[in-house]
Amino acid sequence: MQNIPSDYVAPTDLLAGKIILVTGAGDGIGRAAALAYAKHGATLVLLGRTVEKLEAVYDEIEAAGYPQAAIFPLDLKTITEQECESLRDALEREFGALDGLLHNAGILGERRPIESATYPSWTEVMQVNVNAQFLLTQSLLPLLQAAPTASIIFTSSGVGRTGRAFWGAYAVSKFATEGLMQVLADELENISKVRVNSLNPGATNTAMRRTAYPGEKPSTNPSPKDIMPAYLYLMGKDSIGITGKAYNAQPL
Ligand SMILES: NC(=O)c1ccc[n+]([C@@H]2O[C@H](COP(=O)([O-])OP(=O)(O)OC[C@H]3O[C@@H](n4cnc5c(N)ncnc54)[C@H](OP(=O)(O)O)[C@@H]3O)[C@@H](O)[C@H]2O)c1
């Protein structure tokens, strides 16, 4: 398991001229990452399911004077290959290449024992957290390979590295995410400049964390903004040459 250098500070122009797509960009960690990437010079493609939330992030980026973003509403629960093709074609027409892809969107699903887990919830979590990542990655890979040095970040979790009771499909989906990251990184290592890593944000004060731990005082955990150095490090040039690694955004 890797940690980013503890004193890492991203240069202000780290992502100048880069085109970066963030899934689940309307809320929580994805929103913070989109804003941090834009602040460091990137043009953002904001993907998510709630248009109003994406528009709010778009407006925030515009008001701050960062590069103008693009919005691509998409529900990962029902995502199709055709939608992925449309996304790829639109990005190819507009930008020609993609420098970064942050797979961030995810759902928690049920918190119950495997013995009583329900199949509809199980398949929904696998669809959003794993299958959609596969479809998006596969269709966007040509655009990532067209960039000089692209970065793909998959979002993991502590329960995707060591299994834990009652975390069910969510935990299993994060193990699958780590697997997808490793297989893809190994396939691309010697033939492509695309690097592929996973990042576990660690406990972070978002809607998902508050749902998973209703008894916890939310302010015990860092805000999404606080964990952005790791997101910037893995997206920017300081991580060129690193691939196939599992990172933590917070020291464990
Ligand atoms: N927070 C933590 O402590 C923690 C710890 C470990 C790992 N993680 C991981 O970090 C990532 C971000 O989590 P978070 O805490 O920021 O969660 P969050 O606040 O619940 O945000 C999740 C984001 O994913 C989007 N999303 C969910 N289902 C979607 C769908 N079907 N189609 C498109 N977008 C969808 C949500 O969109 P809407 O807002 O429109 O619903 C939202 O923007 C997740 O992968 C999570 O598993 C979080």
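Against the definition (more than 16 Å from the chain's Cα centre (by Cα) and not basic (Lys, Arg)), how does Ile79 come out, yes or no? Taking the combined requirement at face value, the residue satisfies it. The listed residues are Glu216, Glu189, and the only one of them that is in contact with a helix residue (DSSP H, G or I) (Cβ under 8 Å, 6 or more places away or on another chain) and either within 15 Å of His103 (Cα to Cα) or surrounded by fewer than 16 Cβ atoms within 10 Å (Cβ to Cβ) (or both) turns out to be Glu216.
Yes/no per residue for (1) buried (at least 17 other Cβ atoms within 10 Å of the Cβ); (2) free of Cβ contacts under 8 Å to residues at least 60 places away in the same chain; (3) within 9 Å of the ligand (Cβ to nearest atom):
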residue: Leu44; (1), (2), (3): yes, yes, no
residue: Leu54; (1), (2), (3): yes, yes, yes
residue: Asp59; (1), (2), (3): no, yes, no
residue: Gln82; (1), (2), (3): no, yes, no
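Pairing residues of the range 203-227 that are without any contact (Cβ under 8 Å) to a residue 12 or more places away in the chain with residues that are within 9 Å of the ligand (Cβ to nearest atom) and small (Gly, Ala, Ser), at Cβ distances under 7 Å and at least 6 apart in sequence or on separate chains, gives no pairs at all.
Of all residues in the range 6-28, none are within 16 Å of Ile153 (Cα to Cα) and at pLDDT below 95. Among the residues of the range 115-135, are any over 19 Å from Ala25 (Cα atoms) and aromatic (Phe, Trp, Tyr)? Taking every residue of the range 115-135 in turn, at least one turns out to be over 19 Å from Ala25 (Cα atoms) and aromatic (Phe, Trp, Tyr). Of the set (1) over 14 Å from Leu21 (Cβ atoms); (2) surrounded by 20 or more Cβ atoms within 10 Å (Cβ to Cβ); (3) over 13 Å from the mean Cα position of the chain (by Cα); (4) small (Gly, Ala, Ser), all apply to Ser156 but (3).
Residues in the range 97-120: is at least one in contact (Cβ under 8 Å) with a residue 40 or more places away in the chain, within 16 Å of the ligand (Cβ to nearest atom), over 23 Å from Met181 (Cβ atoms) and surrounded by fewer than 18 Cβ atoms within 10 Å (Cβ to Cβ)? Yes; the residues of the range 97-120 include at least one that is in contact (Cβ under 8 Å) with a residue 40 or more places away in the chain, within 16 Å of the ligand (Cβ to nearest atom), over 23 Å from Met181 (Cβ atoms) and surrounded by fewer than 18 Cβ atoms within 10 Å (Cβ to Cβ).
The values are calculated or read from the model by the stated rules, or taken from the named source; none is laboratory data. Predicted model only: the values in this text are computed from it and were never measured. Glycine also receives a Cβ, built like all others from the backbone with ideal geometry; neighbour counts cover every protein chain displayed.
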